[in-house]
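Asker: Would you mind keeping the following structure in view while I ask a few things?
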Amino acid sequence: MLEIKFIRQNLAAVEAALEARGQSIALEPFKTVDEQHRKTLQEIEDLRHRRNVVSDEIARLKADKVV
């Protein structure tokens, strides 16, 4: 089984190797879905960071007895 990182970096080579084995599989849908998946993961990380920053700010305000 190939690692996803290898497939991402060698998409054309993987597709050629599959064709050499008699498998004609287009990997373009994989590329599209993988890009969307990576974009979604980045958005999740950004939202988590934002949540952490706001939580820290709330904790600081509570400690200063502002809230």
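The values are calculated or read from the model by the stated rules, or taken from the named source; none is laboratory data. The structure displayed is predicted, hence computed values, not measured ones. In this analysis, Cβ positions are derived from the backbone assuming ideal geometry, glycine residues included, and neighbour counts consider all displayed protein chains.
Asker: Based on what the data block shows, is Ala20 exposed (fewer than 10 other Cβ atoms within 10 Å of the Cβ) and either free of Cβ contacts under 8 Å to residues at least 24 places away in the same chain or polar (S, T, N, Q) (or both)? Break it down stepwise before answering.
Answerer: Working: exposed (fewer than 10 other Cβ atoms within 10 Å of the Cβ): yes; either free of Cβ contacts under 8 Å to residues at least 24 places away in the same chain or polar (S, T, N, Q) (or both): yes.
Spelling it out, Ala20 is indeed exposed (fewer than 10 other Cβ atoms within 10 Å of the Cβ) and either free of Cβ contacts under 8 Å to residues at least 24 places away in the same chain or polar (S, T, N, Q) (or both).
Asker: In the stretch 1-28, which residues are among the basic types (Lys, Arg) and not in a helix (DSSP H, G or I)?
Answerer: Start the filter on the stretch 1-28 by keeping residues that are among the basic types (Lys, Arg), which leaves 5, 8, 21.
Selection gives Arg21 alone.
Asker: Looking at the structure I just gave you, is Gln23 on the phi < 0 side of the Ramachandran plot and more than 18 Å from the chain's Cα centre (by Cα)? If you could, list the steps in order and put the result at the bottom.
Answerer: Numbers: on the phi < 0 side of the Ramachandran plot: yes; more than 18 Å from the chain's Cα centre (by Cα): yes.
Spelling it out, Gln23 is indeed on the phi < 0 side of the Ramachandran plot and more than 18 Å from the chain's Cα centre (by Cα).
Asker: Have a look at Leu27, Leu47 and point out the one that is aliphatic (A, V, I, L, M), at pLDDT 95 or above and surrounded by 10 or more Cβ atoms within 10 Å (Cβ to Cβ). Before the answer, list the steps.
Answerer: Numbers: Leu27 fails: at pLDDT 95 or above.
Among Leu27, Leu47, only Leu47 is aliphatic (A, V, I, L, M), at pLDDT 95 or above and surrounded by 10 or more Cβ atoms within 10 Å (Cβ to Cβ).
A quick yes/no check of all residues on (1) more than 30 Å from Ile7 (Cβ to Cβ); (2) in a helix (DSSP H, G or I); (3) in contact (Cβ under 8 Å) with a residue 12 or more places away in the chain:
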{"residue": "Phe30", "(1), (2), (3)": "no, yes, yes"}
{"residue": "Thr40", "(1), (2), (3)": "no, yes, no"}
{"residue": "Glu45", "(1), (2), (3)": "no, yes, no"}
{"residue": "His49", "(1), (2), (3)": "no, yes, no"}
{"residue": "Ile58", "(1), (2), (3)": "yes, yes, no"}
{"residue": "Leu61", "(1), (2), (3)": "yes, yes, no"}
